[in-house]
Amino acid sequence: MPIRKAPIGVFDSGVGGLTVAAEIRRAMPAEDILYFGDTARVPYGNKSPETVTRYSREIARFLEAQGIRFLVVACNTSSALALDALCAEVSVPVLGMIEPGARAAAETTGTGRVGLIGTRATVQSGAYERAVLALNPSIHVFSQACPLFVPLVEEGWAGDPVAEEVARRYLKPLLERGVDTLILGCTHYPVLNSVLRRVAGPSVKLLSSSQCAAKALEDALAGERLPEGAGPGGRGGLRCYVTDAGTHFREVGERILGEPLAELIPVEEERLVLA
Ligand code: DGL
């Protein structure tokens, strides 16, 4: 009887990282996932680098203590601001969102004009731009912070005309620059894929950072053979830790995942304090 491997740890500031968990479950259904949503302290996207780094380190340490074998930082903001600190801190391999998305963009663009949308903190960090330029210095990256997208997704308004109007306003400057590739550099944004597709038009290729990260995880784990999970169809388990269980995490999360979530495990913030 093959022994099950330790789970993959996946964390986000809230529910958005479930777009990454959903991609991991599609690509690697037998993996067990421990998901952490920092629902008490979301959003990270308008917080300082110091605060985001502290929160991210606390969560990484918590997940490491639960016995994960790999950590996926399923939050673009944390990846942009805290990835180096996390890699130095934890003893398991760490995968962030930026490099996989940047690599896909560098490989996809034909005109060398790439658009990036994300939170204010992700855009201000310049992390995507640095990562794309490291791969190909001749590419131009045009960035736009889209702070209204996260609340629109959490409100369940991804299909509402309001979302389309907001998307038109945010994407206009990027489309005017003639980008042919658009990185969805926030884990909430794949939920807005249809409206972004409509607004950006057929000549712009949309890249979901969540999909790119799941693919990178698959590559990193290639060759590892897992026995079937205990769930229906041999699927692995998905346990969710949250810092505030009183939010509408379950409702939004189940919509993103397309499957029911088991019990949410509350984690008091005091348990997250760094030693
Ligand atoms: N999920 C976060 C990200 O990918 C955005 C939400 C937030 O601001 O915390 O950047």
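The values are calculated or read from the model by the stated rules, or taken from the named source; none is laboratory data. Everything numeric here is computed off the predicted structure, so don't read it as measured data. Neighbour counts are summed over all protein chains in view; Cβ atoms, including those assigned to glycine, are modelled from backbone coordinates with ideal geometry.
Take Gly17 and decide whether it is at pLDDT 95 or above, within 27 Å of Asn193 (Cα to Cα) and surrounded by 24 or more Cβ atoms within 10 Å (Cβ to Cβ). Step through it out loud before you land on a result.
Details: at pLDDT 95 or above: yes; within 27 Å of Asn193 (Cα to Cα): yes; surrounded by 24 or more Cβ atoms within 10 Å (Cβ to Cβ): yes.
Yes: the conditions hold for Gly17.
When the strands (runs of 3 or more DSSP E) confined to the stretch 181-275 are screened for residues that are surrounded by fewer than 14 Cβ atoms within 10 Å (Cβ to Cβ), those reaching at least 1 such residues are found at 264-266. Inspect all residues belonging to the stretch 60-70 and state whether any of them is in contact (Cβ under 8 Å) with a residue 12 or more places away in the chain, buried (at least 23 other Cβ atoms within 10 Å of the Cβ) and either within 14 Å of the ligand (Cβ to nearest atom) or polar (S, T, N, Q) (or both). For the stretch 60-70, residues in contact (Cβ under 8 Å) with a residue 12 or more places away in the chain, buried (at least 23 other Cβ atoms within 10 Å of the Cβ) and either within 14 Å of the ligand (Cβ to nearest atom) or polar (S, T, N, Q) (or both): absent. Applying the criterion of being more than 12 Å from the ligand (Cβ to nearest atom) and of a type in the set (D, E, K, R) to the residues of the stretch 25-50, the residue that is farthest from Asp219 (Cα to Cα) is Glu50.
Filtering the stretch 24-54 to residues that are under 23 Å from Pro151 (Cα atoms), surrounded by fewer than 23 Cβ atoms within 10 Å (Cβ to Cβ) and of a type outside the set (Val, Ile, Thr) leaves Ala40, Arg41, Pro43, Asn46, Lys47, Ser48, Pro49. Scanning the stretch 77-89 for residues that are at pLDDT 95 or above and either farther than 22 Å from Val267 by Cβ or away from the ligand (no atom under 11 Å from the Cβ) (or both) returns Ala80, Ala82, Leu83, Asp84, Ala85, Leu86, Cys87, Ala88.
Cβ-Cβ distances below 8 Å connect no pair with a first residue in the stretch 174-190 that is under 12 Å from Tyr128 (Cα atoms), a second residue that is among the acidic types (Asp, Glu), and a separation of six or more residues or different chains.
Is it the case that some residue within the stretch 195-215 is hydrophobic (A, V, I, L, M, F, W, C), touching a residue at least 60 places away in the same chain (Cβ under 8 Å) and in contact with a Phe, Trp or Tyr (Cβ under 6 Å, 6 or more places away or on another chain)? No, the conditions are met nowhere in the stretch 195-215.
Is it the case that Val153 is within 28 Å of Arg255 (Cβ to Cβ) and in contact with a helix residue (DSSP H, G or I) (Cβ under 8 Å, 6 or more places away or on another chain)?
Answer is yes for this residue.
Could you tell me which residue of the stretch 23-68 is nearest to Ile256 (Cα to Cα), considering only residues that are of a type in the set (Lys, Arg) and in contact with an Asp or Glu (Cβ under 9 Å, 6 or more places away or on another chain)?
Keep residues of the stretch 23-68 that are of a type in the set (Lys, Arg), which gives 25-26, 41, 47, 54, 57, 61.
Restricting the remaining residues to those that are in contact with an Asp or Glu (Cβ under 9 Å, 6 or more places away or on another chain) gives 25, 41, 57, 61.
On the way: Arg25: 12, Arg41: 20, Arg57: 26, Arg61: 26 Å.
Among those that are of a type in the set (Lys, Arg) and in contact with an Asp or Glu (Cβ under 9 Å, 6 or more places away or on another chain), it is Arg25.
Quick one: which helices (runs of 4 or more DSSP H) sit completely within the stretch 116-171 and have at least 2 residues that are more than 16 Å from the ligand (Cβ to nearest atom)? First the steps, then the outcome.
Details: elements: 120-125, 127-135, 149-154.
In the stretch 116-171, the matching helices (runs of 4 or more DSSP H) lie at 127-135.
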